[in-house]
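Notes to accompany the following structure.
The values are calculated or read from the model by the stated rules, or taken from the named source; none is laboratory data. In this text the structure is predicted, and so the values were computed from the model without any measurement. In case anyone asks, the SASA skips ligands and DNA or RNA and just uses the protein heavy atoms, side chains included. Shrake-Rupley method; radii C 1.70, N 1.55, O 1.52, S 1.80 Å.
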Amino acid sequence: MPKDARYWGHTRKGARAAAGVALALGATLLTGCGTDEGAAPTLTWYINPDAGGQAELAKQCSDASGGAYTIETSLLPNDAASQREQLARRLAAGDKSMDIMSLDPPNVPEYAEPGYLAPVPDDVAERTTEGVLEGALAGAKWKDEVVAVPFWANTQILWYRKSVAQAAGLDMTQPVTWDDIIAAAESQDKYIGVQGARAESMTVWVNALVASAGGEIVQNPDASADELKLGLDSDAGKQAADVVSTIGKEGLGGPGLPTQTENTSMIQFQGDQGSFMVNYPFVWPATNASVEEGALPESLIEDIGWALYPAMNEGEDTAPPLGGINLGVGSNSQHPDLAFQAIECIVSPENQAQYFTTNGNPPSNEEAYNAPGIEETFPMAPVIRDSLELAVPRPQTPYYNEISTGIQQTWTPPSEVNPDTTPAESQEFILEVLRGEKLL
(Lines give C-alpha, C1' and ligand atoms only; values in the text may rest on other atoms or scores of the structure.)
Protein backbone atom coordinates (compact mmCIF):
# COMPACT_ATOMS: atom_id res chain seq x y z
CA MET A 1 0.00 0.00 0.00
CA PRO A 2 2.23 2.82 -1.19
CA LYS A 3 2.25 5.92 0.96
CA ASP A 4 3.87 9.29 0.67
CA ALA A 5 4.17 11.43 3.80
CA ARG A 6 5.44 14.61 2.21
CA TYR A 7 3.15 17.37 3.30
CA TRP A 8 3.55 20.63 5.19
CA GLY A 9 6.70 21.98 6.75
CA HIS A 10 7.00 22.29 10.50
CA THR A 11 5.13 25.62 10.63
CA ARG A 12 1.74 23.91 10.79
CA LYS A 13 -0.08 26.79 12.48
CA GLY A 14 0.95 29.16 9.73
CA ALA A 15 -0.13 26.70 7.06
CA ARG A 16 -3.51 26.21 8.68
CA ALA A 17 -4.07 29.91 9.06
CA ALA A 18 -3.21 30.50 5.42
CA ALA A 19 -5.47 27.66 4.39
CA GLY A 20 -8.32 29.13 6.40
CA VAL A 21 -7.98 32.53 4.71
CA ALA A 22 -7.36 31.22 1.22
CA LEU A 23 -10.15 28.69 1.23
CA ALA A 24 -12.83 30.40 3.28
CA LEU A 25 -14.70 31.61 0.20
CA GLY A 26 -14.16 28.32 -1.60
CA ALA A 27 -15.50 26.35 1.35
CA THR A 28 -18.54 28.60 1.49
CA LEU A 29 -19.25 27.99 -2.16
CA LEU A 30 -18.65 24.26 -1.84
CA THR A 31 -21.09 23.90 1.02
CA GLY A 32 -23.72 26.33 -0.17
CA CYS A 33 -25.67 23.77 -2.15
CA GLY A 34 -28.63 22.55 -0.15
CA THR A 35 -31.26 19.91 -0.69
CA ASP A 36 -34.92 20.27 -1.45
CA GLU A 37 -37.01 20.80 1.66
CA GLY A 38 -38.18 17.44 2.95
CA ALA A 39 -35.66 15.45 0.88
CA ALA A 40 -33.28 13.05 2.58
CA PRO A 41 -29.94 14.69 3.44
CA THR A 42 -27.02 13.93 1.19
CA LEU A 43 -23.85 12.85 2.98
CA THR A 44 -20.53 13.39 1.23
CA TRP A 45 -17.94 10.65 1.72
CA TYR A 46 -14.39 11.64 0.77
CA ILE A 47 -12.80 8.40 -0.39
CA ASN A 48 -9.31 7.32 -1.33
CA PRO A 49 -8.97 5.69 -4.77
CA ASP A 50 -9.89 2.01 -4.90
CA ALA A 51 -11.50 -0.47 -7.29
CA GLY A 52 -14.98 0.97 -6.78
CA GLY A 53 -15.70 -0.77 -3.49
CA GLN A 54 -16.36 2.35 -1.42
CA ALA A 55 -18.80 3.71 -3.99
CA GLU A 56 -20.64 0.38 -3.97
CA LEU A 57 -20.86 0.40 -0.17
CA ALA A 58 -22.15 3.97 -0.31
CA LYS A 59 -24.97 2.83 -2.59
CA GLN A 60 -25.77 -0.24 -0.49
CA CYS A 61 -25.91 1.72 2.76
CA SER A 62 -27.96 4.50 1.16
CA ASP A 63 -30.50 1.90 0.04
CA ALA A 64 -30.46 0.21 3.44
CA SER A 65 -31.16 3.51 5.23
CA GLY A 66 -34.77 3.48 4.05
CA GLY A 67 -34.52 7.02 2.77
CA ALA A 68 -32.86 8.47 5.88
CA TYR A 69 -29.83 9.61 3.88
CA THR A 70 -28.03 9.29 0.56
CA ILE A 71 -24.26 8.92 0.42
CA GLU A 72 -22.36 10.51 -2.43
CA THR A 73 -18.65 9.81 -2.81
CA SER A 74 -16.02 12.41 -3.62
CA LEU A 75 -12.72 11.02 -4.86
CA LEU A 76 -9.53 12.25 -3.24
CA PRO A 77 -6.25 12.49 -5.20
CA ASN A 78 -4.22 9.39 -5.96
CA ASP A 79 -1.22 10.04 -3.72
CA ALA A 80 -1.41 10.06 0.06
CA ALA A 81 0.27 13.46 0.46
CA SER A 82 -2.31 15.20 -1.72
CA GLN A 83 -5.15 13.36 0.02
CA ARG A 84 -3.86 14.53 3.37
CA GLU A 85 -3.41 18.11 2.22
CA GLN A 86 -6.88 18.37 0.70
CA LEU A 87 -8.60 16.99 3.79
CA ALA A 88 -6.57 19.17 6.16
CA ARG A 89 -7.28 22.33 4.19
CA ARG A 90 -10.97 21.66 3.96
CA LEU A 91 -11.18 20.85 7.66
CA ALA A 92 -9.18 23.96 8.61
CA ALA A 93 -11.52 26.07 6.48
CA GLY A 94 -14.60 24.72 8.28
CA ASP A 95 -15.98 22.95 5.20
CA LYS A 96 -19.45 21.66 6.12
CA SER A 97 -19.37 18.93 3.46
CA MET A 98 -16.92 16.82 5.45
CA ASP A 99 -19.54 14.29 6.51
CA ILE A 100 -17.48 11.10 6.17
CA MET A 101 -13.76 10.89 5.44
CA SER A 102 -11.47 7.98 4.68
CA LEU A 103 -8.43 8.69 6.87
CA ASP A 104 -4.96 7.17 6.86
CA PRO A 105 -4.16 6.09 10.48
CA PRO A 106 -0.95 8.18 10.86
CA ASN A 107 -2.91 11.34 10.03
CA VAL A 108 -5.67 10.81 12.60
CA PRO A 109 -3.90 12.64 15.50
CA GLU A 110 -3.20 15.65 13.29
CA TYR A 111 -6.92 16.00 12.56
CA ALA A 112 -8.06 15.12 16.08
CA GLU A 113 -5.77 17.39 18.09
CA PRO A 114 -7.15 20.73 16.75
CA GLY A 115 -10.74 19.48 17.00
CA TYR A 116 -11.35 18.89 13.31
CA LEU A 117 -13.06 15.54 13.98
CA ALA A 118 -16.52 15.22 15.50
CA PRO A 119 -16.42 13.10 18.68
CA VAL A 120 -17.42 9.48 18.11
CA PRO A 121 -20.52 8.87 20.28
CA ASP A 122 -19.85 6.35 23.05
CA ASP A 123 -22.47 3.90 21.82
CA VAL A 124 -21.14 4.08 18.25
CA ALA A 125 -17.57 3.57 19.47
CA GLU A 126 -18.65 0.55 21.50
CA ARG A 127 -20.48 -1.11 18.62
CA THR A 128 -17.94 -0.36 15.89
CA THR A 129 -14.88 -1.44 17.87
CA GLU A 130 -16.29 -4.74 19.11
CA GLY A 131 -14.16 -7.47 17.57
CA VAL A 132 -11.70 -5.04 15.97
CA LEU A 133 -8.17 -6.42 15.87
CA GLU A 134 -5.77 -4.81 18.31
CA GLY A 135 -3.45 -3.17 15.80
CA ALA A 136 -6.31 -1.66 13.80
CA LEU A 137 -7.93 -0.29 16.95
CA ALA A 138 -4.68 1.37 18.06
CA GLY A 139 -4.55 3.27 14.77
CA ALA A 140 -8.02 4.78 15.37
CA LYS A 141 -7.18 6.26 18.77
CA TRP A 142 -5.70 9.52 19.97
CA LYS A 143 -4.89 10.06 23.63
CA ASP A 144 -6.47 6.69 24.43
CA GLU A 145 -9.84 7.69 22.93
CA VAL A 146 -11.48 6.36 19.78
CA VAL A 147 -11.58 9.38 17.47
CA ALA A 148 -12.28 7.54 14.19
CA VAL A 149 -13.95 4.26 13.29
CA PRO A 150 -11.79 1.40 11.95
CA PHE A 151 -12.88 0.41 8.42
CA TRP A 152 -10.25 -1.72 6.74
CA ALA A 153 -6.75 -2.48 7.94
CA ASN A 154 -3.56 -3.37 6.15
CA THR A 155 -0.34 -5.03 7.18
CA GLN A 156 2.78 -6.47 5.68
CA ILE A 157 3.48 -10.19 5.89
CA LEU A 158 6.51 -12.20 4.88
CA TRP A 159 6.21 -13.70 1.41
CA TYR A 160 8.73 -16.37 0.47
CA ARG A 161 9.67 -18.68 -2.36
CA LYS A 162 9.24 -22.21 -1.02
CA SER A 163 12.05 -23.54 -3.21
CA VAL A 164 14.54 -21.02 -1.83
CA ALA A 165 13.57 -21.58 1.80
CA GLN A 166 13.84 -25.33 1.34
CA ALA A 167 17.22 -25.11 -0.36
CA ALA A 168 18.48 -22.90 2.49
CA GLY A 169 17.17 -25.35 5.09
CA LEU A 170 14.88 -22.77 6.66
CA ASP A 171 11.80 -24.20 8.40
CA MET A 172 9.01 -21.77 7.53
CA THR A 173 6.52 -23.52 9.82
CA GLN A 174 8.35 -21.81 12.68
CA PRO A 175 8.76 -18.06 13.31
CA VAL A 176 11.77 -16.58 11.53
CA THR A 177 13.94 -13.55 12.20
CA TRP A 178 15.56 -10.99 9.93
CA ASP A 179 18.89 -12.72 10.59
CA ASP A 180 17.35 -15.98 9.38
CA ILE A 181 16.13 -14.65 6.06
CA ILE A 182 19.30 -12.61 5.47
CA ALA A 183 21.41 -15.75 5.97
CA ALA A 184 19.09 -17.84 3.77
CA ALA A 185 19.10 -15.29 0.93
CA GLU A 186 22.90 -14.95 1.12
CA SER A 187 23.37 -18.73 1.00
CA GLN A 188 21.26 -18.98 -2.16
CA ASP A 189 22.59 -15.79 -3.80
CA LYS A 190 19.09 -14.30 -3.96
CA TYR A 191 17.54 -10.89 -3.27
CA ILE A 192 15.33 -9.85 -0.35
CA GLY A 193 12.32 -7.72 -1.25
CA VAL A 194 12.17 -4.59 0.91
CA GLN A 195 11.23 -0.98 0.20
CA GLY A 196 14.37 1.15 0.19
CA ALA A 197 13.12 4.26 -1.59
CA ARG A 198 13.07 7.68 0.07
CA ALA A 199 9.33 7.51 0.65
CA GLU A 200 6.76 6.70 3.31
CA SER A 201 7.61 3.03 2.86
CA MET A 202 10.98 3.67 4.53
CA THR A 203 9.25 5.00 7.64
CA VAL A 204 6.98 1.94 7.57
CA TRP A 205 10.03 -0.34 7.50
CA VAL A 206 12.01 1.51 10.19
CA ASN A 207 9.01 1.72 12.52
CA ALA A 208 8.34 -2.02 12.20
CA LEU A 209 11.99 -2.85 12.86
CA VAL A 210 12.23 -0.58 15.91
CA ALA A 211 8.93 -1.83 17.33
CA SER A 212 9.89 -5.46 16.70
CA ALA A 213 13.08 -4.83 18.68
CA GLY A 214 10.99 -3.61 21.61
CA GLY A 215 11.42 0.11 21.03
CA GLU A 216 9.31 3.03 19.85
CA ILE A 217 10.18 5.96 17.64
CA VAL A 218 8.15 8.44 19.73
CA GLN A 219 8.11 7.90 23.48
CA ASN A 220 5.57 10.59 24.46
CA PRO A 221 3.34 11.04 21.39
CA ASP A 222 0.89 13.53 22.92
CA ALA A 223 3.65 15.98 23.95
CA SER A 224 4.20 19.36 22.34
CA ALA A 225 6.87 19.71 19.66
CA ASP A 226 9.49 21.12 22.02
CA GLU A 227 8.91 18.35 24.58
CA LEU A 228 8.72 15.37 22.23
CA LYS A 229 11.08 12.52 23.14
CA LEU A 230 12.30 10.13 20.45
CA GLY A 231 13.58 6.58 20.77
CA LEU A 232 15.62 6.19 17.60
CA ASP A 233 18.93 6.60 19.42
CA SER A 234 18.52 3.36 21.34
CA ASP A 235 19.42 -0.31 21.23
CA ALA A 236 16.25 -0.94 19.22
CA GLY A 237 17.16 1.84 16.79
CA LYS A 238 20.64 0.40 16.32
CA GLN A 239 19.21 -3.07 15.68
CA ALA A 240 16.89 -1.58 13.06
CA ALA A 241 19.77 0.25 11.42
CA ASP A 242 21.83 -2.94 11.36
CA VAL A 243 19.14 -4.73 9.32
CA VAL A 244 18.73 -1.85 6.86
CA SER A 245 22.51 -1.38 6.56
CA THR A 246 23.25 -5.09 6.05
CA ILE A 247 20.68 -5.47 3.28
CA GLY A 248 21.93 -2.26 1.65
CA LYS A 249 25.68 -2.73 1.94
CA GLU A 250 25.68 -6.43 1.04
CA GLY A 251 23.56 -5.85 -2.05
CA LEU A 252 20.85 -8.17 -0.73
CA GLY A 253 18.04 -5.82 -1.77
CA GLY A 254 19.01 -5.95 -5.42
CA PRO A 255 20.45 -3.22 -7.64
CA GLY A 256 17.25 -1.18 -7.53
CA LEU A 257 17.01 -0.99 -3.72
CA PRO A 258 17.51 2.81 -3.41
CA THR A 259 14.34 3.41 -5.45
CA GLN A 260 12.49 0.22 -4.61
CA THR A 261 8.79 0.51 -3.76
CA GLU A 262 6.10 -2.02 -2.93
CA ASN A 263 5.42 -2.65 -6.62
CA THR A 264 9.03 -2.94 -7.76
CA SER A 265 9.97 -5.21 -4.87
CA MET A 266 7.05 -7.46 -5.85
CA ILE A 267 8.31 -7.65 -9.43
CA GLN A 268 11.78 -8.57 -8.20
CA PHE A 269 10.31 -11.24 -5.91
CA GLN A 270 8.39 -12.76 -8.83
CA GLY A 271 11.60 -13.19 -10.83
CA ASP A 272 14.42 -15.71 -10.71
CA GLN A 273 16.28 -13.77 -7.99
CA GLY A 274 13.31 -13.66 -5.61
CA SER A 275 13.56 -15.27 -2.18
CA PHE A 276 11.85 -13.41 0.67
CA MET A 277 9.84 -10.19 0.69
CA VAL A 278 7.93 -8.06 3.19
CA ASN A 279 4.90 -6.59 1.47
CA TYR A 280 1.13 -6.11 1.57
CA PRO A 281 -1.63 -8.59 0.59
CA PHE A 282 -2.08 -6.96 -2.85
CA VAL A 283 0.83 -9.17 -3.93
CA TRP A 284 -1.45 -12.21 -4.16
CA PRO A 285 -4.13 -10.93 -6.58
CA ALA A 286 -1.50 -9.01 -8.58
CA THR A 287 0.64 -12.12 -9.03
CA ASN A 288 -2.32 -14.30 -9.93
CA ALA A 289 -3.48 -11.74 -12.50
CA SER A 290 -0.04 -11.74 -14.13
CA VAL A 291 -0.05 -15.54 -14.26
CA GLU A 292 -3.51 -15.56 -15.84
CA GLU A 293 -2.32 -13.05 -18.46
CA GLY A 294 0.63 -15.29 -19.30
CA ALA A 295 3.22 -12.78 -18.07
CA LEU A 296 4.42 -15.13 -15.32
CA PRO A 297 4.68 -18.95 -15.23
CA GLU A 298 1.92 -20.95 -13.57
CA SER A 299 4.51 -22.73 -11.42
CA LEU A 300 5.19 -19.48 -9.57
CA ILE A 301 1.91 -19.61 -7.64
CA GLU A 302 2.75 -23.00 -6.14
CA ASP A 303 6.18 -21.73 -5.11
CA ILE A 304 4.87 -18.80 -3.05
CA GLY A 305 4.36 -19.15 0.69
CA TRP A 306 3.55 -16.68 3.46
CA ALA A 307 4.24 -16.19 7.14
CA LEU A 308 4.22 -13.51 9.80
CA TYR A 309 6.56 -10.52 9.43
CA PRO A 310 10.10 -11.43 10.55
CA ALA A 311 10.96 -10.97 14.22
CA MET A 312 14.06 -9.08 15.30
CA ASN A 313 14.98 -11.43 18.13
CA GLU A 314 14.41 -15.16 18.35
CA GLY A 315 11.60 -16.05 20.73
CA GLU A 316 10.09 -12.55 20.71
CA ASP A 317 6.94 -11.32 18.97
CA THR A 318 7.17 -9.39 15.76
CA ALA A 319 5.51 -5.97 15.33
CA PRO A 320 4.31 -5.80 11.71
CA PRO A 321 3.40 -2.54 9.97
CA LEU A 322 -0.14 -1.19 10.21
CA GLY A 323 -1.98 0.62 7.44
CA GLY A 324 -5.55 0.87 6.22
CA ILE A 325 -8.37 3.38 6.50
CA ASN A 326 -10.40 4.76 9.39
CA LEU A 327 -13.61 6.73 8.95
CA GLY A 328 -14.02 10.13 10.56
CA VAL A 329 -16.71 12.83 10.62
CA GLY A 330 -15.80 16.48 10.27
CA SER A 331 -16.64 18.65 13.27
CA ASN A 332 -18.50 21.08 11.01
CA SER A 333 -20.67 18.44 9.33
CA GLN A 334 -24.34 19.43 9.36
CA HIS A 335 -25.41 15.80 9.76
CA PRO A 336 -23.05 14.11 12.26
CA ASP A 337 -25.70 11.74 13.65
CA LEU A 338 -26.60 10.47 10.19
CA ALA A 339 -22.94 10.29 9.23
CA PHE A 340 -22.20 7.98 12.14
CA GLN A 341 -25.27 5.89 11.24
CA ALA A 342 -23.87 5.53 7.74
CA ILE A 343 -20.44 4.65 9.08
CA GLU A 344 -21.92 1.86 11.20
CA CYS A 345 -23.39 0.40 8.03
CA ILE A 346 -20.18 0.79 6.04
CA VAL A 347 -17.97 -0.94 8.62
CA SER A 348 -20.27 -3.86 9.40
CA PRO A 349 -18.35 -7.16 9.31
CA GLU A 350 -20.40 -8.27 6.28
CA ASN A 351 -19.44 -5.16 4.33
CA GLN A 352 -15.79 -5.43 5.39
CA ALA A 353 -15.73 -9.02 4.10
CA GLN A 354 -17.29 -7.91 0.82
CA TYR A 355 -14.74 -5.12 0.46
CA PHE A 356 -11.88 -7.58 1.10
CA THR A 357 -12.96 -10.06 -1.57
CA THR A 358 -13.80 -7.41 -4.18
CA ASN A 359 -11.12 -4.79 -3.55
CA GLY A 360 -8.40 -6.72 -1.72
CA ASN A 361 -8.31 -4.56 1.42
CA PRO A 362 -8.32 -6.65 4.63
CA PRO A 363 -10.99 -6.20 7.32
CA SER A 364 -10.24 -4.55 10.65
CA ASN A 365 -12.88 -6.72 12.34
CA GLU A 366 -11.98 -10.29 13.24
CA GLU A 367 -15.51 -11.56 12.54
CA ALA A 368 -15.22 -10.64 8.87
CA TYR A 369 -12.45 -13.20 8.38
CA ASN A 370 -14.96 -15.99 8.97
CA ALA A 371 -17.17 -14.96 6.04
CA PRO A 372 -17.64 -17.45 3.18
CA GLY A 373 -15.20 -17.06 0.33
CA ILE A 374 -12.52 -15.19 2.24
CA GLU A 375 -9.92 -17.96 2.38
CA GLU A 376 -10.75 -19.08 -1.16
CA THR A 377 -9.83 -15.60 -2.41
CA PHE A 378 -7.04 -14.94 0.08
CA PRO A 379 -5.69 -18.24 1.44
CA MET A 380 -3.28 -16.25 3.62
CA ALA A 381 -6.19 -14.49 5.39
CA PRO A 382 -5.47 -16.17 8.77
CA VAL A 383 -1.89 -14.87 8.67
CA ILE A 384 -3.15 -11.39 7.77
CA ARG A 385 -5.57 -11.53 10.70
CA ASP A 386 -2.84 -12.64 13.11
CA SER A 387 -0.52 -9.96 11.77
CA LEU A 388 -3.12 -7.25 12.41
CA GLU A 389 -3.44 -8.42 15.98
CA LEU A 390 0.30 -7.85 16.46
CA ALA A 391 0.65 -4.79 14.21
CA VAL A 392 1.99 -1.52 15.62
CA PRO A 393 0.98 1.82 14.11
CA ARG A 394 3.48 4.38 12.99
CA PRO A 395 4.00 7.18 15.55
CA GLN A 396 0.62 8.57 16.60
CA THR A 397 1.44 12.26 16.93
CA PRO A 398 0.33 15.56 15.35
CA TYR A 399 3.95 15.94 14.22
CA TYR A 400 3.99 12.75 12.20
CA ASN A 401 4.90 14.53 8.96
CA GLU A 402 8.10 15.96 10.43
CA ILE A 403 9.08 12.63 11.96
CA SER A 404 8.35 10.55 8.87
CA THR A 405 10.05 12.91 6.45
CA GLY A 406 13.04 13.17 8.78
CA ILE A 407 13.41 9.39 8.80
CA GLN A 408 13.14 9.24 5.04
CA GLN A 409 15.90 11.81 4.64
CA THR A 410 18.32 10.20 7.11
CA TRP A 411 17.78 6.44 6.54
CA THR A 412 18.19 6.47 2.76
CA PRO A 413 19.84 5.10 0.76
CA PRO A 414 20.06 1.89 2.80
CA SER A 415 23.71 1.32 1.83
CA GLU A 416 24.68 4.52 3.66
CA VAL A 417 22.92 3.66 6.93
CA ASN A 418 25.38 3.13 9.79
CA PRO A 419 24.12 1.45 12.98
CA ASP A 420 26.68 3.40 15.03
CA THR A 421 25.69 6.86 13.78
CA THR A 422 22.40 6.91 11.81
CA PRO A 423 19.95 6.47 14.74
CA ALA A 424 21.54 9.32 16.75
CA GLU A 425 21.93 11.63 13.74
CA SER A 426 18.36 10.92 12.62
CA GLN A 427 16.96 11.63 16.08
CA GLU A 428 18.87 14.90 16.45
CA PHE A 429 17.85 16.08 12.97
CA ILE A 430 14.16 15.46 13.64
CA LEU A 431 14.33 17.23 17.02
CA GLU A 432 16.04 20.22 15.38
CA VAL A 433 13.24 20.36 12.81
CA LEU A 434 10.62 20.23 15.57
CA ARG A 435 12.41 23.08 17.41
CA GLY A 436 12.41 25.15 14.23
CA GLU A 437 16.21 25.07 13.94
CA LYS A 438 16.26 23.18 10.63
CA LEU A 439 13.93 22.76 7.68
CA LEU A 440 12.94 19.53 5.99
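Values as computed for the structure displayed
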{"read-out": "Principal-axis tilt of helix 235-249 within the chain, Cα atoms, nearest 10 degrees", "value": "70"}
{"read-out": "Crossing angle, helix 12-30 versus the chain [Cα axis fit, 0-90 degrees, rounded to tens]", "value": "50"}
{"read-out": "Region 296-301 - phi-based ³J(HN,Hα) in whole Hz, Karplus 6.51/-1.76/1.60, Gly and Pro as x", "value": "10, x, 4, 5, 4, 4"}
{"read-out": "Prolate/oblate/rounded label for the chain (Cα gyration tensor, a/c 1.5)", "value": "oblate"}
{"read-out": "Euclidean distance of C-alpha centroids, region 39-70 and region 78-134, integer Å", "value": "17"}
{"read-out": "Cα-based shape type of region 312-440, given that a ≥ b ≥ c are square roots of the gyration tensor eigenvalues and the cut on a/c is 1.5", "value": "oblate"}
{"read-out": "Sulfur and carbon atoms: percent of accessible area, region 51-145 [1.4 Å]", "value": "43"}
{"read-out": "Spatially proximal lysines relative to Lys229 (Cα-Cα < 27 Å; intrachain offsets below 8 disregarded)", "value": "Lys3, Lys13, Lys141, Lys143, Lys238, Lys438"}
{"read-out": "Heavy-atom surface of the chain, accessible at 1.4 Å and reported per residue (Å²)", "value": "41"}
{"read-out": "Selected from Val108, Val283, Val347 as most flexible by GNM, with the chain as the system and alpha-carbon contacts under 10 Å", "value": "Val283"}
{"read-out": "Lysines whose Cα lies under 27 Å from that of Lys162, excluding same-chain neighbours fewer than 8 positions away", "value": "Lys190, Lys249"}
{"read-out": "Solvent-accessible area, 1.4 Å probe, carbon plus sulfur percent, for region 237-390", "value": "47"}
{"read-out": "Highest-fluctuation residue, Ala307, Ala286, Ala58 considered, GNM on the chain with Cα pairs under 10 Å", "value": "Ala286"}
{"read-out": "Helix 381-390 vs. the chain, principal-axis angle (Cα, 0 to 90°, nearest 10)", "value": "80"}
{"read-out": "Theoretical gain in end-to-end length, Lys59 to Glu298 [0.36 nm per residue, Cα-Cα removed]", "value": "82.3 nm"}
{"read-out": "CD proxy at 222 nm, helix term only [per DSSP H run n ≥ 4: -39500 (n - 2.57); per residue of the chain; nearest 500]", "value": "-12500 deg cm²/dmol"}
